[in-house]
Amino acid sequence: MKKLIAIMLCLAMVLSLATACANEDTPATDAPATEAPATDAPATEAPDASDEKVKISVLRPGDEEKVRAFLEPAIAEFEAANPNIDVEPVYQSWAGWISLYPTQFEADTQPDVIFWWDNKMFDASAHDSIVNLEPYLSEGFTEQIPESVWELVDCGMEGVTYVPSSVDSFALFYNKEVFEAAGLDPNSPPTTWEELYDTCKTITEKTGKPALGVPAITGAEVLEEFVALFVTQSTNSNMLDENSMPLFNTPEGLEALEFIESLVPYFQPSATEYGRGELRTACRDGNIAMFIDGPWAVTTFTADQGVNLDASEKLGIAPVPQKDPANPINWSGTNGWIATREETAEASAKLIEFLMSPEVLEDHHIAYGSAPLYDVEFENTEAFGYDYWKVFYDSAANDTLYGMIGRNSATPAAYYTALEEVWQQLILGTMDAETALAEAAAAAESVTVRNQ
């Protein structure tokens, strides 16, 4: 009996050595090594990681029709090149996503890849879920993105946690037919604050139409950006400092709010019912003369006028009017890609790299109306060979840019909410500029103190 047991032990040792040798000859994979959990079941050979399907989801917030036109063909091409990755698109409007994302991150039901705001990298809802993509990205990948863009979106987090996809500055959109009806030159839009005021006054007095649309709809985080355009031009600084304290409570900040106050009689009635989308159609249809928006508005007009808006007799696009034309300052919206789960980070990084390839990024910008990020995009003369695209591109390249508020805060949305209440009263004419300045500064300070 003892001899039999000894023979069985010897056989077990031989089999163990053979298995170890076989494992040493197994080729390494790119998948990270993990320790297998202990089990009483007999050991079996692990399946090849390359045969396993990885499932990830991706969200690009915005108008579903525009996003779908870009995203579905892109996903099909990506999956064909990466048959071991299944990608599920998720569709949600910007306003809808703003209201949903805190609860989704809390429940860990957020998409794996998200088109994100650079000012929400420290958002308490999402911060702990944002993955450092640097270990998963190809060597040299980040070098294709201009250094100035990296500087603009630098959020102080370690590694590559955010991949900027668009840098979209503001421009002035205007209806040439309304200009003509007011006796104004349709090819000479206002370039300074003084000219903007005079143009607004003339249009409303001569035509009875609102001269300048303002996006003041509640909860969409757009009114703050309209006001910030004028405030940052006047102060030549961000709205908040690195400690999230207000920088606009100055004589220059008051000057900006007083200028906005002077424009109130020429805004559209019931301004709090209008977002950017409503202003685009209102300007297209000649119900307002002008509004300020990013390149995202372009597709509304190319659908009506054709892609060559340079030749349009109805719509014009020009640089935003400046307080000091010798020192142009503009507001810039910046969005890019993040990954939100470490377990799917490798697949997410592959998708992000694909979405940032020049051909696919170009399709993205065309579909959703963003300005070119890469110089090579201008080689597509059918899409970008027009002067109006250079208005946005040149502004992003040459103007002093200030972006979204709250980038250093754990609750960036709180600043939009707090300031929106003040700015709405200003543009509705129920609060004067001096009171609005004091109220806005106190509101911003209150949000920051609550976070401490």
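The values are calculated or read from the model by the stated rules, or taken from the named source; none is laboratory data. All of these numbers come straight from a predicted model, not from anything done at the bench. With ideal geometry, Cβ positions are generated from the backbone for all residues, glycine too; neighbour counts draw on all protein chains shown.
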Being free of Cβ contacts under 8 Å to residues at least 12 places away in the same chain and within 20 Å of ASP63 (Cβ to Cβ) is the filter here; which residues of region 349-404 pass it?
none
All helices (runs of 4 or more DSSP H) inside region 181-274 with 3 or more residues being within 24 Å of the chain's Cα centre (by Cα):
223-235
Got a sec? Which of PRO61, PRO135 is of a type outside the set (A, V, I, L, M, F, W, C) and more than 16 Å from the chain's Cα centre (by Cα)?
PRO135
Return the only residue of ALA303, ALA326 being over 18 Å from the mean Cα position of the chain (by Cα), surrounded by fewer than 18 Cβ atoms within 10 Å (Cβ to Cβ), aliphatic (A, V, I, L, M) and under 20 Å from THR191 (Cα atoms).
ALA326
Just to verify a result, which residue in region 116-165, among those that are in a loop (DSSP other than H, G, I, E, B) and among the polar types (S, T, N, Q), is surrounded by the fewest Cβ atoms within 10 Å (Cβ to Cβ)?
SER138
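Every residue, every condition in (1) surrounded by fewer than 17 Cβ atoms within 10 Å (Cβ to Cβ); (2) at positive phi, yes or no:
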| position | (1), (2) |
| --- | --- |
| THR192 | yes, no |
| CYS200 | no, no |
| GLY208 | yes, yes |
| PRO215 | no, no |
| ALA220 | no, no |
Would region 286-297 turn up any residue that is within 17 Å of ARG60 (Cβ to Cβ), in contact (Cβ under 8 Å) with a residue 40 or more places away in the chain and in a loop (DSSP other than H, G, I, E, B)?
yes
Which ones in region 78-88 are of a type outside the set (Gly, Ala, Ser), in contact (Cβ under 8 Å) with a residue 24 or more places away in the chain and either surrounded by fewer than 17 Cβ atoms within 10 Å (Cβ to Cβ) or under 12 Å from LEU355 (Cα atoms) (or both)?
PHE78, ASN82, ASN84, ASP86, GLU88
Of all residues in region 166-180 being modelled with pLDDT of 95 or more and either assigned to a strand (DSSP E or B) or touching a His at 6+ places or on another chain (Cβ under 6 Å) (or both), the one that is nearest to ASP399 (Cα to Cα):
ALA171
Residue under evaluation ALA444, criteria (1) in contact with a strand residue (DSSP E or B) (Cβ under 6 Å, 6 or more places away or on another chain); (2) exposed (fewer than 15 other Cβ atoms within 10 Å of the Cβ), criterion not met
(2)
All conditions in (1) assigned by TED's automatic domain parsing to the domain that holds TRP296; (2) within 28 Å of the chain's Cα centre (by Cα) are true of VAL160 except (1)
Of all the residues that make up region 303-326, how many are in contact (Cβ under 8 Å) with a residue 40 or more places away in the chain and either not in a strand (DSSP E or B) or not assigned by TED's automatic domain parsing to the domain that holds LEU229 (or both)?
13
Considering only residues that are polar (S, T, N, Q) and either surrounded by fewer than 16 Cβ atoms within 10 Å (Cβ to Cβ) or over 20 Å from ALA441 (Cβ atoms) (or both), which ones fall in region 248-294?
SER262, GLN268, SER270, THR272, THR281, ASN287
Which of the residues belonging to region 48-96 are touching a Leu at 6+ places or on another chain (Cβ under 6 Å) and among the aliphatic types (A, V, I, L, M)?
VAL90
Counting only helices (runs of 4 or more DSSP H) entirely within region 373-452, those with at least 1 residues that are at pLDDT 95 or above, assigned by TED's automatic domain parsing to the domain that holds LEU309 and hydrophobic (A, V, I, L, M, F, W, C) are 412-427, 433-451
